[in-house]
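None of the figures in this text is laboratory data; all of them are computed from the coordinates on show. Small disclaimer: the values here were computed from a predicted structure and weren't measured. For neighbour counting, all protein chains shown are included, and Cβ atoms are generated from backbone atoms with ideal geometry for every residue, glycine included.
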Amino acid sequence: MKKVILTSLSVLALSTAFGGGVSHASEGNAHPLPNVDWSFEGPFGTYDKASLQRGLLVYRQVCAACHSMKRVAYRNLSELGYSEDQIKAIAGEYTIIDGPNDEGEMFERPGRPSDHFKSPFANDQASMAANGGALPPDLSLITKARVGGADYVFGVLTGYAEAPAGVDILPGQYYNKHMTGNVIKMPPPLVAGAVAYEDGMPQTVEQYSKDVSTFLTWAAEPEMEHRKQMGFKVILFLIAFAGIMYAVKKSIWSKVH
Amino acid sequence: MSAGPRTPFDNKVVEWVDSRLPVFTLMQKEYGVFPTPKNFNYFWNFGAIAMFMLVTMIVSGITLAMHYAANTGLAFDSVERIMRDVNYGWLIRYIHMNGASFFFVAVYIHIFRGMYYGSYKAPRELLWIFGVVIFLLMMATAFMGYVLPWGQMSYWGATVITNFFTAFPFVGEPIQTLLIGGFSVDNPTLNRFFSLHYLLPFVIVGVVFLHVWALHVTGSNNPDGIEPKTKDDTLPFHPYYTMKDSFGLLVFLIVYTIFVFFMPNALGHPDNYIPANPMVTPAHIVPEWYFLPFYAILRAVTIDIGIPFTEVTIITAKLGGVLLMFGSIAILLVMPWLDSHPVRSAKYRPKFRVALLLFVVSVLILGKVGGMPADVPLFHITESFIFTTTHVAQIATAYYFGFFLIILPILSRTEKALPMPESIHAAVLKCKSSC
């Protein structure tokens, strides 16, 4: 009987391992992605709030010049530890086009917490026209939409280097170790010291990249901490319930010959 | 389900209902005292587990449909709204998304159980055929469900799979046009896929009803593959199997919930978090893991079949692949007649057992190469001949069909079975003392 359980469990494990392994082993990349030690990794991982706030700063001062993040609303920033007033102040820094009003006119107003992050361009075409024909992707889901997740984002941000001999890089393009095809149209976005941190953390490209990758992971999976906490309760309950049912089953079956 | 002789119930309300519509008598007969072989192992849990997953999918799916918008301009955003703004929307969606995978896990183990212990053999052929029909309906439902979030893999998966139909001469293109509601995958496709994705699960429920009905006519098979003869061979379904199934289900749910809560996207593809874009093709279009073996069979055919020494092509490589892929499932329908060996269980058929386990290996290999790009070079055989993933897929496909069309008929005639126990009771007693 034990053998049968083991067989079925291993079939299960195999089939899942196969599925998971296979569907991810697709993108070709010459350089292996860096394996960063993230605070949110593993079943107990949580977001580092200070890092999230620094990451927001980097996003707003650097990334937001070209990349939209339209699925995140200012009100969501309460999860980063900001108070209602702070969120109102952040939202108020942006001008939102609203309307039409009673006269049928579109009008401008300061942003509100219920607004979604303001996009830097009115539409994809405007964005492409301003960025040499390349479309900077919306960043709301970027860590879920790339193999490697946060490691990938960190890798691209820190992966700029001199092109090796024999690799031709056209004007307006840059060599990047972790981009598919090793060519990227985004100029190196982060420069040491460009974003002023108030908490004394090092103002290096590496630290900026780490913080903004953490922030982008939160933007893609804001429910993660809640999900893991609930997961523990659910699984503990299921284990206890399964234990009870095993005892019940055993006692009922003990009379069978 | 007829009136028949009925034992009155003590409870007056129950008795009132039962004397007018004997639902309580029916439940009592089919799930209470129903005589069930007493030698089941844990493989027999997966029918109940699959049933539970079907209900889970329907309940979570109906809830998702309350928030989902089936329109190409809104679908992706509405799914993200479910994930971010709907109360516990992320939970419902992850239950549904991973539920599809785990429904397939349960069903694949259930099918393997049926093959290993010969549950497809007389008198259970029709029961088996209903099972294959359920499997086909599940595949159609899962495929259309994967299109609904309107991500890159949704769009391109739909494009590739509906394109299969164009392989058929004359009728192919009209079928494809009808299926996608136009000349390319677009809003009409999404609308009809949503409609059918909502409908088919209820069709599955109907066929499951027939499947269970047929099961309750013939009774269950069992690991020894011999019919119960006396009362010593069986136990009432309740409480023996209701409790055992509950335990098995809970263990299964633990694995399932680990995925839902801790690795919800492990079985999916990152590209499906990019909104569908008809202008950008993903580097590798791959279906969900549960379709990969069939995808590998599809791609295994690389040569046109024609009249030798002429330029005439009868079956193009594409049509050949599509026929083999559909054939790989259709062949299950005739399995009861391909294997006419009188002994059911692989426990007493050592040669069949080895052949079947190799069959499982071939399916796993097909799954592995199905997820890889075609023609990936593996190693050199000679200077000019390079062994590729496509060759692996061809060999595994050959074994897949060879198992059904060559090995099963030959073993039916030649295999000498091991000595069988006299009865289920005897088998259980023997096992108690030695295994």
field: Selection from A:Trp38, A:Ile97, A:Ser83 lying farthest towards where the dipole of region A:26-112 points positive, charges on Cβ
entry: A:Trp38
query: Among A:Lys233/B:Lys368; A:Lys249/B:Lys121; B:Lys231/B:Lys432; A:Lys228/A:Lys249, which pairs are too far apart, with a Cα-Cα distance over 25 Å?
result: A:Lys233/B:Lys368; A:Lys249/B:Lys121; A:Lys228/A:Lys249
field: DSSP loop trypsin sites (Lys or Arg not before Pro) with at most 16 other Cβ within 10 Å: longest gap in chain A
entry: A:71-184
field: Using alpha carbons only: equivalent-ellipsoid semi-axes of chain A, gyration tensor based, whole Å
entry: 42, 28, 18
task: Compute the Rg to Rh ratio over region B:2-67 from the alpha carbon atoms, using the Kirkwood formula for Rh, and round to two decimal places.
output: 1.15
query: What does the average come to when, for each residue of peptide A:235-241, you count the partner chain Cβ atoms lying within 10 Å of its Cβ?
result: 4
- prompt: Extent of region B:172-290 along each principal axis, from alpha carbon coordinates, in Å, largest to smallest?
  reply: 67, 40, 23
query: For chain A, which span is the longest to avoid every loop-located (per DSSP) member of chymotrypsin sites (Phe, Trp or Tyr not before Pro) having at most 16 other Cβ atoms inside 10 Å?
result: A:95-257
- request: Pick out, from A:Pro110, B:Thr36, B:Val361, the residue whose Cα sits farthest towards the positive end of the charge dipole of the protein assembly as shown, with +1 on the Cβ of Lys and Arg and -1 on the Cβ of Asp and Glu.
  value: B:Thr36
query: Under a plain spin-label model, where a point goes 7 Å from the Cα along Cα-to-Cβ, how far apart in nm are A:Met128 and B:Met420?
result: 6.9
message: Going 7 Å from the Cα of B:Lys351 along its beta-carbon direction, which residues of region B:393-410 have the amide nitrogen within less than 15 Å of the resulting point?
response: B:403-410
- prompt: DSSP H helices in chain A with Cα extent of 30 Å or more along the helix axis and mean Kyte-Doolittle hydropathy at least 0.0?
  reply: A:2-24, A:224-253
field: Choice from A:Ile142, A:Ile239, A:Ile90 with maximal GNM fluctuation in chain A (Cα, 10 Å cutoff)
entry: A:Ile239
- prompt: Once Rh is set to the Kirkwood radius over Cα pairs, what Stokes-Einstein translational diffusion coefficient, in µm²/s, holds for region A:66-164 at a temperature of 25 °C and a viscosity of 0.890 mPa s?
  reply: 154
- prompt: Dipole size in debye (nearest 20) for chain B around its Cα centre, Lys and Arg Cβ +1, Asp and Glu Cβ -1?
  reply: 1260
task: Subtract the Cα-Cα distance of B:Asp304 and B:Ile329 from 0.36 nm times their separation in residues, and report this length gain in nm to one decimal.
output: 6.8 nm
message: I'm a student and want to see the number: the projected area of the Cα convex hull of region B:108-196, averaged over all directions, in nm².
response: 7.5
task: Return the whole-Å distance between the Cα centroid of region B:1-68 and the Cα centroid of region A:194-218.
output: 58
message: Give me P(r) over region B:286-435, computed from all C-alpha to C-alpha distances, binned every 5 Å, as integer percentages.
response: 2, 9, 13, 15, 14, 14, 11, 8, 5, 3, 2, 1, 1, 0
For region B:303-376, convex hull volume per residue from C-alpha positions, Å³: 156
message: Is there a quick way to get the dipole size of the protein assembly as shown? I mean about its Cα centre, with the Cβ of Lys and Arg at +1 and of Asp and Glu at -1; what is the value in debye to the nearest 20?
response: 3300
- prompt: Considering only B:Phe261, B:Ala283, B:Val212, whose Cα is most displaced toward the positive end of the charge dipole of region B:210-357, charges sitting on Cβ of Lys, Arg (+1) and Asp, Glu (-1)?
  reply: B:Val212
- request: With +1 on each Lys and Arg Cβ and -1 on each Asp and Glu Cβ, and nothing else charged, work out how big the dipole of region A:136-257 is about its Cα centre, in Debye to the nearest 20.
  value: 1100
query: Roughly what % of Cα-Cα distances in the protein assembly as shown sit above 34 Å, to the whole percent?
result: 55
